[in-house]
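Just below is one structure, and these are the notes that go with it.
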Amino acid sequence: GDVSPPPSTVIGHTKTLAKVTFNPSVVEQTKIARNGILGDFIIRYDVNRELSVGDVQILNGYFVHYFAPTDLPPLPKNVVFVLDSSASMVGTKLKQTKEALFTILQDLRPEDHFNIIGFSNRIKVWQQDRLVPVTPNNIRDAKKYIHNMSPTGGTNINEALQTGAKLLNDYIAQNDIDARSVSLIIFLTDGRPTVGETQSSKILSNTKEAIQDKFCLFTIGIGNDVDHKLLERMALENCGMTRLFQEDEDAASHLKGFYDEIGTPLLSDIRVDYPEDDVEQVTQNFFPNYFNGSEIIIAGKLINRTSDKLHVEVTASNSKKYILLKTDVAVDLLSRNDIRGVPGLEDGRGDNNYIERAWSYLTIKELLNSRLKSDDSQEKDSLMEKAKSMALAYNFVTPFTVLKMKEAGLHSEPPQEEFVSPSTDGIGEKVQSLQGHRAPPGIRRGQEKQRIKISKTSADGDPHFVIDFPSSKFSVCFNIDGEPGDILRLVSDHKESGVTVNGQLIGAPAPPNGHKKHRTYFSTITILNNKPERSYLEITPKRVILDDGERLVLSCGRSAVVRSRSLEVSISAYSNITVTIRDSISFVILIHHYKKPAPYQRNHLGFYISNSKGLSSDSHGLLGQFLNHEVKLLQESLNTSGGEVGQKQMEELKANPTNTLKVKGRLVPVVWKQRRIYNGQQEVDCWFAKNNADKLIDGSYKDYLASHPFDTGTSFGTISSL
């Protein structure tokens, strides 16, 4: 009920122009919502109008035409409500739908006709083969019918729409209805097709064929399980609109609000024409219906820049008559439409042709809608490229473009030290939620940094491998001297837990006076998971690509957290990435970023296993094969009986140049070494196996080469793909 503008809103206006600026600080945002603002900034406004051709504005070779007449008698409606009553509608969704329908029925006018269809796996028509007039008795009986609807069964979208279309077509054909009345179907569902025809393309073609351009279809989706693309395309192909409401929202008020948008048709068959020799690239200029409270907007470019006027004609049908409106608009309107020099209205960028931007916005929107309706892949690609090119030129965010934002007071570049060291501080820290995935509940900016206890088991640096054996109270380490481009299988448990981790190597020159011909580092870590649903992560020092059915690209330079049903990814900017799978498997990837790298240094990644409880006993890979097996250190070098080493003998063994490990029956010579992990933050004592871990690992190094980053290797020595 608060009609005052939100904090920080500034409104500048003159008699003919207005500019609204919304720029809230963090403090002002928290006054609106505890976790900051995530939503739409909606501006409701109107201007003085009369029944005329509308308002045409022209500036620097572009025009925009606003047509929104008022004070017209409403057109009669023929409306069929098609309502989902499947089992998934149980509870709040069906309750709110019923409440909204009770109000909508009460708002029908005496000249309207209507019917109601409920559908699940069965189709139930309230009044067979007819639409009934709006009378007190019919409204009362319709409310009883809706009240008695109970959720059960599956979702037969195709047959429900076919039944609704046939009902409306037959009524139009068999009755002497007002030629200027508006016929429409309002379709509501909370799910996807599960019964009957379930293929979206077939449902679309069947619906288009049944409606035959005789009336419009308006679609409504409730909840997170709806096929939004199907509903959107059905509406677009049949001159309607679509709305999607979240399950936890006040669906009753939203449904009523949507009906209010389309419940009062004032005109039909509106056509707006301009002389062909004067304009080009005009946006949509034919509209099947005009509803009270809406606005028709057309934009285009002027060809004839020498003409001092633009002729405009509007034709439409009203309940009792056809309407033709004509006018000539003066082209030279700089003094009226140019915002340069108007205090508070200039945007400071030197690009003040808001009319050209309006034209580009409408054009992009139409390109995207055309792409959605197209079945031709080449045409879809062409439309996408046109929309993307225009969006980049005019700075609009679309599904194919990205908006880059800078936070005030934060560096957009990493710190300027010689080496930006990764840190385990903040591993798992949750800073920013991302739309499109659910953010963890109860997380607030500024909370205390968390630390996750990380095992020493890792692959980092050049690359140096460390395996920790807690029960034996020692660690084993080895190097892998691979070739640039090699992809190493680090963890392979695709058949059991569904998890695979592969690391791709990048090359660098060897340091001077060294024994190696080159160095190698991990440039990419790929984590694949196929349980309970398929997903994968592709991690580089610059970005994280998450694909769990929806592709999401995240920068490693921004702290963020993304959570889906079985996967959580937490990024600590320029430091580390924590990946948690089903709360029982955790990996930490350290980001090594050099500001001014030496010739033998490369930005690279380190891979650490934090929690391996969810991996099976059959897991394999260079690291995975040791997670559920113990290694024994023998006393052979002390000329004793050859038994296992006790703690008291460990110091003597360290001084011995060569000792022996027993691994799965194999004897492996090892030497004592010290390794630094976590970017030098921790020192590890370990027994080092030479020669690419010969005899320590099953098989040889080459048995662990994957054919590509998404190779899941269902068992040791075999290759497959996710």
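Within the range 173-226, the set of residues being in a helix (DSSP H, G or I), closer than 16 Å to D84 by Cβ and not hydroxyl-bearing (S, T, Y) comprises just one member, I203. Of the residues making up the range 676-690, those that are modelled with pLDDT under 85 and open to solvent by less than 60 Å² (accessible area, probe 1.4 Å) are I677, Y678, N679, G680. Within the range 88-101, the residues that satisfy the criterion of being part of a helix (DSSP H, G or I) and either at pLDDT 90 or above or farther than 23 Å from T163 by Cβ (or both) are T92, K95, Q96, E99. Kindly indicate whether P422 is in contact with a His (Cβ under 8 Å, 6 or more places away or on another chain) and at pLDDT below 80. So P422 fits the description; yes. With (1) within 22 Å of D486 (Cβ to Cβ); (2) buried (at least 19 other Cβ atoms within 10 Å of the Cβ) as the list, and P599 as the residue in question, which single condition is left unmet? Tallying (1) within 22 Å of D486 (Cβ to Cβ); (2) buried (at least 19 other Cβ atoms within 10 Å of the Cβ), P599 fails exactly one: (2).
Taking the criterion of being assigned to a strand (DSSP E or B), of a type in the set (D, E, K, R) and over 38 Å from the mean Cα position of the chain (by Cα), the residues of the range 279-325 that qualify are K309, E313. When restricted to residues that are over 26 Å from A358 (Cβ atoms) and outside any loop (DSSP other than H, G, I, E, B), the range 61-82 contains 6. Taken across the range 569-576, residues that are in a strand (DSSP E or B) and within 22 Å of G498 (Cβ to Cβ) do occur, with at least one present.
Over 25 Å from D375 (Cβ atoms) and open to solvent by less than 40 Å² (accessible area, probe 1.4 Å): does that describe I222? Yes; evaluated as a whole, the condition is true for this residue. Pairs meeting the criteria (first residue in the range 118-138 and touching a residue at least 60 places away in the same chain (Cβ under 8 Å), second residue of a type in the set (A, V, I, L, M) and open to solvent by 90 Å² or more (accessible area, probe 1.4 Å), beta carbons under 8 Å, at least 6 apart or on different chains) are lacking. Please indicate, with yes or no, whether at least one residue in the range 336-352 is open to solvent by 50 Å² or more (accessible area, probe 1.4 Å), under 24 Å from V282 (Cβ atoms) and modelled with pLDDT under 80. Yes: one or more hits. Restricting the range 546-561 to residues that are over 16 Å from I581 (Cα atoms) and part of a strand (DSSP E or B), the residue that is modelled with the lowest pLDDT is R551. The residues on offer are D332, D328, and the sole one that is open to solvent by 60 Å² or more (accessible area, probe 1.4 Å), modelled with pLDDT of 50 or more, part of a strand (DSSP E or B) and under 23 Å from K15 (Cα atoms) is D328.
The single condition among (1) closer than 15 Å to F469 by Cβ; (2) modelled with pLDDT of 90 or more that Y704 does not satisfy is (1). In the condition set (1) surrounded by 22 or more Cβ atoms within 10 Å (Cβ to Cβ); (2) out of contact with any Ser or Thr (no Cβ under 6 Å at 6 or more places or on another chain), V553 is compliant with all but (1).
The residues of the range 362-406 that are among the aliphatic types (A, V, I, L, M), touching a Ser or Thr at 6+ places or on another chain (Cβ under 7 Å) and open to solvent by 90 Å² or more (accessible area, probe 1.4 Å) amount to a single one, L392. Of the residues making up the range 162-211, just one is free of Cβ contacts under 8 Å to residues at least 40 places away in the same chain, among the hydroxyl-bearing types (S, T, Y) and open to solvent by less than 50 Å² (accessible area, probe 1.4 Å), namely S200. Quick one: in the range 120-158, which of the residues that are outside any helix (DSSP H, G or I) and of a type in the set (S, T, Y) is farthest from L204 (Cα to Cα)? Once the filter is applied, the top-ranked residue is T135. Scan the range 634-653 and tell me whether some residue there is modelled with pLDDT of 85 or more and in a strand (DSSP E or B). For the range 634-653, residues modelled with pLDDT of 85 or more and in a strand (DSSP E or B): absent. Taken together, D277, D269, D213, D227 contain a single residue that is of a type in the set (D, E, K, R), at pLDDT below 90 and in contact with a Gly (Cβ under 9 Å, 6 or more places away or on another chain), which is D227. Each residue in the range 579-626 was checked for being farther than 19 Å from G498 by Cβ and of a type in the set (S, T, N, Q), and 2 pass. Here P288 meets each of (1) touching a Cys at 6+ places or on another chain (Cβ under 9 Å); (2) exposed (fewer than 14 other Cβ atoms within 10 Å of the Cβ) with one exception, condition (2). Just to be sure before I move on: is D269 more than 28 Å from the chain's Cα centre (by Cα) and open to solvent by 60 Å² or more (accessible area, probe 1.4 Å) in the structure I sent? Considered against the rule, which asks whether it is more than 28 Å from the chain's Cα centre (by Cα) and open to solvent by 60 Å² or more (accessible area, probe 1.4 Å), D269 comes out as yes.
The values are calculated or read from the model by the stated rules, or taken from the named source; none is laboratory data. Remember, it's a predicted structure, so these values are computed and weren't measured experimentally. Cβ: placed from backbone, ideal geometry, glycine included. Neighbour counts: every protein chain shown. The area values use the complete protein model at the heavy-atom level, side chains included, leaving out ligands, DNA and RNA. Shrake-Rupley method; radii C 1.70, N 1.55, O 1.52, S 1.80 Å.
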